[in-house]
Amino acid sequence: DVVESQEHYKSRWRSIWIMYLTMFLSSVGFSIVIMSVWPYLQKIDPTADASFLGWIIASYSIGQMVASPLFGFWSNCRPRREPLVISTAISVAANCLYAYVHVPRSHNKYYMLTARALVGFGAGNVAVVRSYIAGATSLTERTSAMANTSACQAVGFILGPVFQTCFTLIGEEGVTWKFLCLQLNMYTAPVLFGALLGVINIILIFAIFREHRVDDMGRQYKSINSDGEGSDVLDQNTEGSIDHVAVVALNVLFFVILFVFAVFETIATPLTMDMYSWTRKEAVFYNGIILSVIGIESVIVFMVVKTLSKKTGERAILHAGLLIVLVGFFILLPWGKKLPNIQWQEIKNNSIPRTAPSEMLAPFWSLPEVQLPSNHTAEPVGCPVTQSWCLNTPMIYLAQYISSDVLIGLGYPVCNVMSYTLYSKVLGPKPQGVYMGWLTASGSGARILGPVFVSQIYTHLGPRWAFSLICGVVVVSLLLLEIVYKRLIAFSVRYGRMQE
């Protein structure tokens, strides 16, 4: 056995902390502009419509889905510093491009689309990050390290909008530097800040990051992609084939986990506007608070599962997480008899009054119910009559919605961490770059398809169909987990080198 020196241990964990930072910055790059994309798009290119906004939001995930296997393969063959630096440099350049999309005289929306796609492409380095952490930790360290990685990612998603909010103090006009053709305002300052963080990340990768690899028992040995660091250890630790049935099953489970959470995130605003007669501003504000609380809840869960997994094992916790998610969506099914407040659309020469706000919110806001004429200038609220299901589907009560939020906010981070941890353990000590790339790509694909699913099923068939189908998908995933349960064991355990 090769005993790890104190110096090697410190260097290894310093490198892992740099990976945590890289994961944090990757998620900040996505969320730091998410609230301002639409008003900025309208400002730079009036020809852009809401459907094009959807493409801009999806372009990040598309770029990440394409890049993840590529960077993963690169990290298997060469020192990981190379794909890490190049991917981060692409993100920095893409953020700078985003800051200049107002400069061209036409087709500005396509420049913004390109910029966001390139930011997503650079974020493909999360496959490199997770593969490095999997290879640089022992089995006993793995769950904790993966939980910390996911926590850093979650914190990045939480703080991104916070940074954006701070930059709104600059205002829409801001400061113009003519010699740089740059407008520093509430839309461009966040991405330039993100670019600065990326430059700092590159400097830290060069200064601190070192290539380290240990086997499942924590013994140091040299990787095929090592740049000269590390010690040789017996190669029989890598002998044996990977259980590809378990690998495919975990990819499917991970897809389902991210798919249902993408549906949950996407449906929050339209659902609350339809059910509770919230205005656009109210829906964005209150759901923003709810998602922030869920983000904080997720970080706490990431910390708790590190301890809990040592007592129960990752498979049992993944099973429990999926059950919690299932209950969360089951609660969202409409069960009562009361219908949502209907939003009667404006009709020429029509004097039919409408109700606003809904009865349900009246006690909460302490506002009396008022009748507004059809020609009133207030924003229409309630469930649009164009969605035929609004006329016969019971409303989802606010207590149902909040309870569901809490449960999904508990179950999702559990499933996220455990699926990554089990995946890395099943793959074992062999280079995991490509495999982690495919797992990241499956998650990106889920984030693309989730909003499409919502826009079609919810709009045309309503929440009863949408959430019933989601429950069905989660049940199928639970059955799949039962089928492959015994195969989801660590590589070294499978070949009898370690006890489970």
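The values are calculated or read from the model by the stated rules, or taken from the named source; none is laboratory data. Here the structure is a predicted model, which is why all the values come from computation and not from measurement. FYI the Cβ positions are ideal-geometry reconstructions off the backbone, even for glycines, and counts take in every protein chain you see. Remember, those area values only see protein heavy atoms, side chains included, never the ligands or the DNA or RNA. Shrake-Rupley method; radii C 1.70, N 1.55, O 1.52, S 1.80 Å.
Some points to look at:
- Tally of residues being assigned to a helix (DSSP H, G or I), over 25 Å from the mean Cα position of the chain (by Cα) and among the aliphatic types (A, V, I, L, M) across segment 78-117: 0
- Test: residue in segment 55-65 that is open to solvent by less than 20 Å² (accessible area, probe 1.4 Å) and either in contact with a Cys (Cβ under 6 Å, 6 or more places away or on another chain) or over 23 Å from L258 (Cβ atoms) (or both): no
- Restricting attention to segment 395-419, the residues being of a type in the set (A, V, I, L, M, F, W, C) and either outside the structural domain of S277 (by the TED database) or under 17 Å from Y286 (Cβ atoms) (or both) number 7.
- Residue within segment 35-47 that is crowded, with 20+ Cβ neighbours inside 10 Å and at pLDDT below 80 present: yes
- Some residue of segment 424-439 being within 28 Å of I158 (Cα to Cα), surrounded by fewer than 23 Cβ atoms within 10 Å (Cβ to Cβ) and in contact (Cβ under 8 Å) with a residue 60 or more places away in the chain: yes
- Checked against the criterion of being modelled with pLDDT under 80, open to solvent by less than 70 Å² (accessible area, probe 1.4 Å) and in contact with a Leu (Cβ under 9 Å, 6 or more places away or on another chain), segment 169-186 has at least one qualifying residue.
- Taking residues in segment 93-107 that are in the same structural domain as V33 (by the TED database) and over 17 Å from T176 (Cβ atoms), and partners anywhere that are modelled with pLDDT under 85 and of a type in the set (G, A, S), the pairs with Cβ atoms closer than 9 Å and at least 6 places apart or on different chains are A94/G29; N95/G29.
- Test: residue in segment 7-17 that is among the aliphatic types (A, V, I, L, M), in the same structural domain as S150 (by the TED database) and at pLDDT 85 or above: yes
- Counting residues in segment 59-69 that are closer than 15 Å to Y132 by Cα and assigned to a helix (DSSP H, G or I) gives one or more.
- Just so you know, in segment 195-229 the residues that are of a type outside the set (A, V, I, L, M, F, W, C) and at pLDDT 90 or above include one that is surrounded by the fewest Cβ atoms within 10 Å (Cβ to Cβ), and it is N201.
- Failed criterion for V162 (all others in (1) over 22 Å from W17 (Cα atoms); (2) more than 21 Å from the chain's Cα centre (by Cα); (3) open to solvent by 60 Å² or more (accessible area, probe 1.4 Å) hold): (2)
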